[in-house]
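Asker: Let me give you the structure first, and then I'll get to my questions.
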Amino acid sequence: MSNIVEEEEEEDYMSDAFLSSMQDVRPGITLPRSVKVIYQKEEKHKESSIKNRQKSLKEVEQERRDAVLNEALSRENKGFALLQKMGYIKGQSLGKKGDGIVEPIPLNIKTGRSGIGHEEMKKRKAEESLENLRRKIQMTQQAEERAADDFRLRMRGKKEEQKLEGDLRRSQRACLQLDEQKGVGCPREAWYWPPSDTQEDVSVTEEDEEDEEDEDEIKDQELSTLEKLQILTSYLRGHHLYCIWCGTAYQDEEDIESNCPGDTSEDHD
């Protein structure tokens, strides 16, 4: 009999819990969706305002701690009382000469959950990363400066090479004209005169007949543009008393030595 009564009480309890969990849905006109959204926003705003008014436990502890630390020591403090017995006056510096501190050493209370020395390690890593960044920027700037210097040197060398080639062509044309005026039918060296179409054809034919070893020897013995220019200008000055940079044929050696600035292009700048 008691078991039956217990089963009935349990059924009544479960039915009451089910009814209490159901929402009170009353018949009526359904609200538009826009009105429901407004109601939901108002509810969220109320909840957020309530949360903002409630201070967290950490904030309360911080306020209490700051209030206690900002209060001056009273006579009831044992340490302050001992200092006064030894002659300390409030606001006076510590030490025999009065050159000590006036305010107590501030407390650095640890509130985070990180281990001891973690903040110093983070600070050291930040300084190291900053130093590495500075080094990278400095290295990049140095690399850019070196690249710019190399580019300027290449351009300068290219311009100088073009100038030498231009002076050599001028010297070859002058040598051809002056040699023909003196009745010279063949240049002392093939490159003393500017190359013609027939000379190019002959040189090509000769190069085709030579083997690879002879070509390597010729390449090794080939003169540079500067060396050709020096040899050719010396020939023009010695045999024709002519300077390509002055553009003048002098009367004799004394005339060219006294009136010509020199035997290089830099002497005529």
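Asker: What pairs come up if the first residue lies in the range 67-87 and is without any contact (Cβ under 8 Å) to a residue 60 or more places away in the chain, the second is of a type in the set (S, T, N, Q) and open to solvent by less than 90 Å² (accessible area, probe 1.4 Å), and their beta carbons are under 8 Å apart, counting only those six or more places apart or on different chains?
Answerer: If the second residue must be of a type in the set (S, T, N, Q) and open to solvent by less than 90 Å² (accessible area, probe 1.4 Å), the pairs left are Arg75/Gln84; Phe80/Ser74.
Asker: Out of the range 164-200, which residues are within 14 Å of His240 (Cα to Cα), small (Gly, Ala, Ser) and at pLDDT below 90?
Answerer: Answer for the range 164-200, where residues must be within 14 Å of His240 (Cα to Cα), small (Gly, Ala, Ser) and at pLDDT below 90: just Gly183.
Asker: Still on this model: Report yes if some residue within the range 51-60 is in a loop (DSSP other than H, G, I, E, B), modelled with pLDDT under 75 and exposed (fewer than 10 other Cβ atoms within 10 Å of the Cβ); otherwise report no. Give the steps one after another, and end with the answer.
Answerer: Just the residues of the range 51-60 that are in a loop (DSSP other than H, G, I, E, B), to begin with: 54-56.
Now restrict to residues that are modelled with pLDDT under 75: 54-56.
Next, only the ones that are exposed (fewer than 10 other Cβ atoms within 10 Å of the Cβ) stay: 54, 56.
Scanning the range 51-60 turns up at least one residue that is in a loop (DSSP other than H, G, I, E, B), modelled with pLDDT under 75 and exposed (fewer than 10 other Cβ atoms within 10 Å of the Cβ).
Asker: At pLDDT below 50 and open to solvent by 40 Å² or more (accessible area, probe 1.4 Å): does that describe Ser203?
Answerer: On the way: at pLDDT below 50: yes; open to solvent by 40 Å² or more (accessible area, probe 1.4 Å): yes.
Spelling it out, Ser203 is indeed at pLDDT below 50 and open to solvent by 40 Å² or more (accessible area, probe 1.4 Å).
Asker: Is one or more of the residues making up the range 94-116 closer than 24 Å to Thr264 by Cβ, open to solvent by 100 Å² or more (accessible area, probe 1.4 Å) and either without any contact (Cβ under 8 Å) to a residue 12 or more places away in the chain or of a type outside the set (S, T, N, Q) (or both)?
Answerer: For the range 94-116, residues closer than 24 Å to Thr264 by Cβ, open to solvent by 100 Å² or more (accessible area, probe 1.4 Å) and either without any contact (Cβ under 8 Å) to a residue 12 or more places away in the chain or of a type outside the set (S, T, N, Q) (or both): absent.
Asker: How about the range 164-191: which of its residues are open to solvent by 100 Å² or more (accessible area, probe 1.4 Å) and of a type in the set (D, E, K, R)?
Answerer: Correct list: Arg169, Arg173, Glu180, Lys182, Arg188.
The values are calculated or read from the model by the stated rules, or taken from the named source; none is laboratory data. What you see is a predicted model; the values in this text were computed from it and never measured. FYI the Cβ positions are ideal-geometry reconstructions off the backbone, even for glycines, and counts take in every protein chain you see. Surface areas here come from the heavy atoms of the whole protein model, side chains and all, with no ligands, DNA or RNA. Shrake-Rupley method; radii C 1.70, N 1.55, O 1.52, S 1.80 Å.
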